[in-house]
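These notes are about the structure you will find just below.
The values are calculated or read from the model by the stated rules, or taken from the named source; none is laboratory data. As the structure is a computational prediction, the values presented were derived from the model and not from experiment. Don't worry about glycine lacking a Cβ; one is built from the backbone with ideal geometry, like all the others, and counts go over all protein chains shown.
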Amino acid sequence: MNSGIEHIAVEPTPGARQLSRGVTATWWYTASAVLIFELAMTLSWTLLALASTRHDVAALVIAAGGLVWTASTVILLIDYRHRLDAEPGVAWRRLALPMLIAVAYGASAGPLLGSWELALMPVLQSLILLNWPRGVRLRVVIAATLVLVALSIVDVSRGTFGAGVGWWVPVGYGALLPVMTVSSLWWWDVLVTLDRARASEAKLAATQERLRVATDVHDLQGHHLQVIALQLELAERLLNRDPAASLEQLQLARASVDDARQGTRDLATRFRSVPLGDELANARDLLVAAGLTVESDIAADADAAPASDLGPVIRETTTNVLRHGGGHRARLELRREDEGWRYLIANDVHGETEARADGSGLDGIRRRIAEAGGTIDVVRGQDEFAVAVTVPAADGVTR
């Protein structure tokens, strides 16, 4: 059932969408960690301002400005998320607004509290979030860490934080902010790199398989075409001198055509043939990846079932469940019975899926199973939709 395979390739399956949602969720965990740390920094500065009765207005400015600045860094994080698809360098024009907000926040909040660390902290944090070229980010992080630690020491020596705050608190915050930020971004980079490497590996494997198929077809057809050309040329030369011999060469050429056709058919069958055990394992993995709870009852000698008959049926029915099922559970069975092999796939359905039409997929299955001498039963229950297929045994040999 080629239509089922094409549907999966063209339109993402629920399992693929689930994996995509998993990557997106991981990104928001990463971004949330950065934003929460920035909010913690803002809260710390606000509490420090409230600790002094002279800085009530400063506390309000620091808190409100910190929220605006933290919100502006979302733009930087979104830009960073797509850094692998972006042009090299930093898109300063697009990121001018969040950078201006960071400068304005630091320039207004720092003098109110008399803190050099607070004055430069928003700017340095925003700089760390930029999409720096390879090798530049590490230098930016090291420089930002050294500057923040140095400024925190200056603030401590000037008595900015008061006697109740130990010197290690501002120094620790100054050192942790760049490290925590770059660690979160580094983890995201590793995840994206692994995800793209997995996708590239799959594409490379598919490309290598196509190349191998193309090479085998070229070798097979090239050999037969060369033989056919020689036989036809010889028949042409013998046509006037020895018609009988010429006719014999034409018959040999026709036999070579049949050999080429059969060889091509065998080659296609060899590449399309997958053991039934693997087909069923792939079907189960797809259904599980789509979020379904799958029960399976597979015979130990499943590979002895007729793969050429049941393989396409398994792929098509699995695709139908993914595209039209709408339920949460599925059941796979393959058992050997007296009349042959019986394959069953069933899934629970909701009200909106009960009246679905057979569709071209089931029509194609009916034709294939009829050609194989088997039977198909489609059962629509109130809570379950099931397709049962029975095909004759192939004498224990996988066809």
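Inspect the range 15-24 for any residue being farther than 30 Å from SER184 by Cα and either basic (Lys, Arg) or modelled with pLDDT under 75 (or both) and give the result as yes or no.
No, every residue in the range 15-24 fails to be farther than 30 Å from SER184 by Cα and either basic (Lys, Arg) or modelled with pLDDT under 75 (or both).
Listed here are the residues, each with its yes/no results for (1) modelled with pLDDT under 85; (2) buried (at least 21 other Cβ atoms within 10 Å of the Cβ); (3) assigned to a helix (DSSP H, G or I).
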residue	(1), (2), (3)
LEU100	no, no, yes
SER108	no, no, yes
GLN125	no, yes, yes
ASP155	yes, yes, yes
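Residue check, PRO312 against (1) out of contact with any helix residue (DSSP H, G or I) (no Cβ under 6 Å at 6 or more places or on another chain); (2) within 30 Å of VAL217 (Cα to Cα); (3) surrounded by fewer than 16 Cβ atoms within 10 Å (Cβ to Cβ), all met but one. Which one?
(3)
So for the range 380-387 (the condition being at pLDDT 80 or above and among the polar types (S, T, N, Q)), does at least one residue qualify?
Among the residues of the range 380-387, not one is at pLDDT 80 or above and among the polar types (S, T, N, Q), which makes the answer no.
Scan the range 338-368 for residues that are within 21 Å of GLU384 (Cβ to Cβ) and modelled with pLDDT of 80 or more and report the count.
9
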